[in-house]
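Below is one structure, written out as structure tokens; comments come after it.
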Amino acid sequence: MININNAVQFQHLIWDRIMKSASVVVDATCGNGHDLLYLAERAQPECHLYGIDIQEQAISASRELLASKKLQSNVTITFLHNSHDIALHQAIKENTIDLIIFNLGYLPGGDHSIVTQPKNTIEALNNAFPKLAKDGIITIVAYPGTPEGMEEKEALHTHISQLDQAKYNVCHWQPINQANNPPELYLIQKR
């Protein structure tokens, strides 16, 4: 049973449904690799996953974690050491991505001064939209518990709330009786 007050766990309900048929999946902020591992363990044969992170420490940790697990040999993973906005624009050529995930903020166990930036996150989304498959989903976990995280959440909220409803379904999920501004989840589905 998932904890419905936990944005990361709650989004697994969405991921689980998509991973039953996904061909291309992107973890735009792979961090220590836990979300990427979750997706890889649920990937169908021939699924290709991308793990993107701006920090080499994150790419190394993700690569190590996934290498330590017995994953299907016919599921492929490409790691991209780059900013998510640049990687989604230049490195990923597929135009039918089924799922793109973002877990914003800083690398757990890493340098907390290195955080995702609103400008780059919004640019990454703008680069992702044309590559998203019909009915494809983007999940974004934002962390408003710090001043930087609140700024990013607010910029993100403003940007995606203006998306054309004829092209995208956009939802926002947040715990409403929890203290300290817990993580919030945004969902975008291409129509």
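The values are calculated or read from the model by the stated rules, or taken from the named source; none is laboratory data. This is a predicted model, so every value here is computed, not measured. Note: ideal-geometry Cβ built from the backbone for every residue, glycine included; neighbour counts use all protein chains shown. Just the protein is used for accessible areas: all its heavy atoms, side chains included, with ligands, DNA and RNA removed. Shrake-Rupley method; radii C 1.70, N 1.55, O 1.52, S 1.80 Å.
Structure values in brief
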read-out: Residue among E184, E154, E123 that alone is surrounded by fewer than 16 Cβ atoms within 10 Å (Cβ to Cβ) and under 18 Å from the mean Cα position of the chain (by Cα); value: E154
read-out: Listing of strands (runs of 3 or more DSSP E) fully contained in the range 1-104 that carry 2 or more residues being touching a residue at least 24 places away in the same chain (Cβ under 8 Å), β-branched (V, I, T) and on the phi < 0 side of the Ramachandran plot; value: 24-27, 76-81, 97-103
read-out: Counted residues, the range 75-93 - those being closer than 16 Å to L36 by Cα, in contact with a helix residue (DSSP H, G or I) (Cβ under 9 Å, 6 or more places away or on another chain) and β-branched (V, I, T); value: 3
read-out: The range 78-99, residues that are closer than 15 Å to A28 by Cα and either open to solvent by 50 Å² or more (accessible area, probe 1.4 Å) or not hydrophobic (A, V, I, L, M, F, W, C) (or both); value: T78, H81, N82, S83, H84, D85, I86, H89, Q90, K93, E94, D98
read-out: Of the criteria (1) at pLDDT 95 or above; (2) over 15 Å from the mean Cα position of the chain (by Cα); (3) open to solvent by 30 Å² or more (accessible area, probe 1.4 Å); (4) not basic (K, R), which one P147 fails; value: (1)
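Residue-by-condition table, conditions (1) at pLDDT 95 or above; (2) more than 25 Å from L185 (Cα to Cα); (3) open to solvent by 40 Å² or more (accessible area, probe 1.4 Å); (4) touching a Lys or Arg at 6+ places or on another chain (Cβ under 8 Å):
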{"residue": "I52", "(1), (2), (3), (4)": "yes, no, no, no"}
{"residue": "S73", "(1), (2), (3), (4)": "no, yes, yes, no"}
{"residue": "I101", "(1), (2), (3), (4)": "yes, no, no, no"}
{"residue": "L107", "(1), (2), (3), (4)": "no, no, no, no"}
{"residue": "I114", "(1), (2), (3), (4)": "no, no, yes, no"}
